[in-house]
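The values are calculated or read from the model by the stated rules, or taken from the named source; none is laboratory data. Given the structure is predicted, the values throughout are model-derived calculations rather than measurements. Positions of Cβ are backbone-derived with ideal geometry, glycine not excepted, and every protein chain shown enters the neighbour counts. Ligands, DNA and RNA are stripped out before the accessible areas are found, and what is left, the full protein with its side chains, is counted by its heavy atoms. Shrake-Rupley method; radii C 1.70, N 1.55, O 1.52, S 1.80 Å.
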Amino acid sequence: PFPVVLVVHEIFGVHEHIKDVCRRFAKIGYLAIAPELFARQGDVSQITDFKEIISKVVSKVPDQQVLQDLDATATWAGTSGGDLQKLAITGFCWGGRIVWLYAAHNPNLKAGVAWYGRLDSPKDDLHPANPVDIVAELKAPVLGLYGSADSGIPIEHVAAMQEKLKAAGKSSELT
């Protein structure tokens, strides 16, 4: 069986770069899969304005639905040649936030890599928790990759997350 990597897209869905990430993982021996996590809410490939993508689709996707879809994807991978004892996740921007949530959700996860992604933002009924809120619940280590010049993710949020991880004794790290 192949180790499994769930690849979580950013707000633009499963486009060519995300597909290429999966191909690159596959070439080195992983079963890599990128589920289209917005499918029920809309087809973002048909929308060109990123503000419209967020308002019409992304903001309407419940975190719980995403976590359940990732669980279902992992289950499928386990019945399709994947080794769920070697389950990992990586995600980009919107998907980076999801990596942290999934690491707190799935007890079978071995590791995650978040390529940026919000750590703290306004909550609502569909998005009841942020990564900074669920540090104590992390079941797997996460490597968070953040840029100090990224104005979309305040450096103060990264520092707060680092402090929470340290205080909770978690092996995750941000760089």
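Given a 10 angstrom Cα cut-off, can you work out which residue in 96, 147, 117 is the most mobile in a GNM of the chain?
147
Out of the DSSP beta bridges found with both residues in the chain, what percent are antiparallel (nearest 5)?
5
FRET efficiency for residue 39 and residue 166, Cβ-Cβ distance as r, R0 = 30 Å, nearest 0.05?
Details: r = 38 Å, r/R0 = 1.26.
Once rounded, the FRET efficiency stands at 0.20.
Please tell me which of these pairs span more than 18 angstrom C-alpha to C-alpha: 19/56; 110/170; 139/170; 27/139; 27/110; 139/164?
Beyond 18 Å between Cα atoms: 19/56; 27/139; 27/110.
Looking at segment 55-122, what % of the alpha carbon pairs are farther apart than 21 Å? Could you put the intermediate results ahead of the total?
Values: 558 of 2278 pairs.
Of all Cα-Cα pairs in segment 55-122, 24 percent lie more than 21 Å apart.
Which aspartates and glutamates have a Cα lying under 18 Å from the Cα of residue 166, excluding residues fewer than 8 positions away in the same chain?
Partners within reach: 120, 133, 137, 156.
For residue 126 and residue 65, calculate 0.36 nm times their separation in residues minus their Cα-Cα distance, and state this gained length in nm to one decimal.
Residue separation times 0.36 nm, minus the Cα-Cα distance, leaves 21.1 nm.
Tell me, what HN-Hα J-couplings in whole Hz come from the Karplus equation 6.51 cos²θ - 1.76 cosθ + 1.60 at θ = phi - 60° for each residue of segment 124-141, using x for Gly and Pro?
8, 4, 7, 9, x, 9, 10, x, 5, 7, 10, 3, 4, 8, 4, 9, 9, x
Accessible area per residue of the chain at 1.4 Å probe, in Å²? Mind showing how you got there, number by number?
Numbers: 8890 Å² over 175 residues.
With all protein chains present, the chain gives 51 Å² per residue.
Across segment 108-175, what fraction of all alpha-carbon pairs, as a whole percent, falls in each successive 10 Å bin from zero upward?
Cα pair-distance distribution for segment 108-175, in percent: 20, 55, 24, 1.
State the extension gain, in nm to one decimal, for the chain segment bounded by residue 55 and residue 83, taking 0.36 nm per residue of separation less the distance between their alpha-carbons.
Computed gain between residue 55 and residue 83 is 6.4 nm.
Using a Gaussian network model on the chain with a 10 Å cutoff between Cα atoms, which of 141, 154, 122 fluctuates the most?
122
Loop-only trypsin sites (Lys or Arg not before Pro) in segment 43-150, please: DSSP not H, G, I, E or B, and at most 12 other Cβ atoms within 10 Å.
The qualifying sites are 123.
Stokes-Einstein at 37 °C, 0.692 mPa s, Kirkwood radius from Cα pairs: D for the chain in µm² s⁻¹?
Roughly 201 µm²/s, to the nearest whole number.
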